[in-house]
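Only one structure is covered here, and it is reproduced in the block below.
What follows draws every value from the coordinates through simple rules; no lab data is involved. Worth saying up front: this structure is predicted, and the values here are computed from it rather than measured. Virtual Cβ from ideal backbone geometry, glycine too; neighbours counted across all protein chains shown.
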Amino acid sequence: MEQPDPPLVRLGQGDFIQDFPAGRTSPSDGDGAAKAVLTFSAINTFRNCPRKYKHRYLDHLQPHERPESLSFGSVIHEALELWYGLTGDTNRLWTVLEFIDAQFPQREHDAVQKQRWHLARAMLVGYAQRYPTEDFAVVEVEKTFTGEIRNPDTNRPSQTFVMAGKADGIVRLDGELYLLEHKTAGSIDANYLDKLWTDTQIALYCFYLRQNGYPIVGVLYNVLLKTRLRQHAGETQEEYEARRAELAAKNKSGRSTAQRKLPETDEEFQGRLAEWYAKPEAFHRERIYLSEDRLAMLQDEVWEVTQQYLDARRRGKWLLNTSNCFAYERPCEYLPYCQSGFNPNVRDNLFVIAPPHEELATAPTGDAEPAF
Ligand code: SF4
């Protein structure tokens, strides 16, 4: 049974609240009562670690520096959104490249930005060459949606929450509708493809898009690989002299004709990247069909998480799930804060206050992590 919902006193402060997307400015249950918007990211965060949920969605703490993969993934998602939004425009690649240039304004002074800029450009140029035309028709790009969260026992909608999200795209392929999902990945192997089956976020999105009038039958994963190539920095004078001395010592004449290695120019590096992105494995498409049983199970899960959330909020208990601190092979961004026992100095030094629910304002990251 659904627990009785406590009154939402401060709808503007945390508690899954978000400006309502997709043309609805005041989600309601039909009699005017506003409901809080629940996004997949919020559900997922709460399920993985309730304390992390509190940091992110109630206290609005965000690290000063976002992890590189998140920022890069967001740029690629937005570039692909532009690409498909401009289908039929013969200048669309130039528009996309201009967009990428604008995302890395400090690239001449910042080595990290420079590397990301090179990679993003090469990735999208390679993508345009790989897919000059598509075997699908684009139906929607960056489609926002909302839907009811229902009690699986009574089928009654939650009085507290509605679900919201944004899908990368909807396409028509072989006469049927598919959700288009962009991913950037470090590698694609059998494990990676198997993991796609566990992509709970996308299954949920399909469920809600069906409710919104799109009879989605499956997901078309559009995977773009991130190369590990790096621009050669060249040798310093000291490095060159050390190498030359070493070579000379091995030579009977005691001399070496070695030349100093110069830094790789942008054009040379783009040339190497272009070769890499011309390889067949640089891009991958995977079509996956939806299982009706799985969709039904997901609905139950979402309902259960909302009930656990309501219980945590009522009791003010936000448990630390320490088994999640090093998930995805990197430390949780809140680790120093949790380790410090929630020291306010650590909080103020390492985090800024920023509103949650980015996926409704910008493209989701699409990085190669398990969604749930
Ligand atoms: S560091 Fe661990 S306990 Fe703290 S928020 Fe992150 S996952 Fe939760």
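Descriptive notes on the structure:
- Charge dipole (the chain, unit charges on Cβ, about Cα centre) - positive-most of Leu320, Ala164, Leu225: Leu320
- Label separation (Val139 vs Glu267): 4.7 nm, computed from points 7 Å beyond Cα along the C-beta direction.
- For the stretch 46-121, GluC sites (Glu not before Pro) are listed when DSSP marks them as loop and at most 15 other Cβ atoms sit within 10 Å of their Cβ; the list is Glu65, Glu108.
- Applying the Kirkwood pairwise sum to the alpha-carbon positions of the chain produces a hydrodynamic radius of 23.3 angstrom.
- Within the stretch 175-253, the trypsin sites (Lys or Arg not before Pro) that combine a DSSP coil assignment with at most 15 other C-beta atoms in a 10 angstrom radius are Arg228, Arg230, Lys252.
- Cβ crowding within 10 Å averaged over residues, with 269-277, 147-155 ranked highest first: 269-277, 147-155
- With θ taken as phi - 60° and the Karplus curve 6.51 cos²θ - 1.76 cosθ + 1.60 applied, the whole-hertz 3J(HN,Hα) list for the stretch 183-200 is 9, 9, 9, x, 7, 10, 9, 4, 4, 4, 5, 4, 5, 4, 5, 9, 6, 5 Hz, x standing for glycine and proline.
- Rounded to the nearest 20 debye, the dipole magnitude of the chain is 1000 debye, with +1 charges on Lys and Arg beta carbons, -1 on Asp and Glu beta carbons, and the Cα centre as origin.
- Compactness relative to 2.2 N^0.38 Å, alpha carbon Rg of the stretch 202-288: 2.10
- Rounded to the nearest 20 debye, dipole of the stretch 71-208 from Cβ charges on Lys, Arg, Asp, Glu: 240 debye
- R0 of 45 Å, Cβ-Cβ distance Gln299-Ser71: FRET efficiency to nearest 0.05: 0.85
- Computed from phi, the 3J(HN,Hα) profile of the stretch 294-302 under the Karplus parametrisation 6.51, -1.76, 1.60 (θ = phi - 60°) reads 5, 4, 5, 5, 4, 4, 4, 4, 4 Hz, with x in place of Gly and Pro.
- In the stretch 112-199, the chymotrypsin sites (Phe, Trp or Tyr not before Pro) that fall in loop regions by DSSP, at most 15 other Cβ within 10 Å: Trp197
- Taking amide hydrogens as placed 1.01 Å from N in the peptide plane, the amide H of Leu38 sits under 5 Å from those of Val162, Met163, Ala164, each at least 5 positions away in sequence or on another chain.
- Distance in nm between pseudo-label sites at Ala274 and Glu239 (7 Å out along the Cβ direction from Cα): 2.6 nm
- With Cα atoms defining each centre, the stretch 85-134 and the stretch 191-207 are spaced 27 Å apart in the structure.
- Residue pairs, from the table Lys52/Lys279; Lys35/Lys226; Lys35/Lys166; Lys54/Lys166; Lys114/Lys143, whose Cα atoms sit over 29 Å apart: Lys52/Lys279; Lys35/Lys226; Lys114/Lys143
- When only Cα pairs below 8 angstrom with a gap of at least 6 residues are kept, the chain shows a relative contact order of 26 percent.
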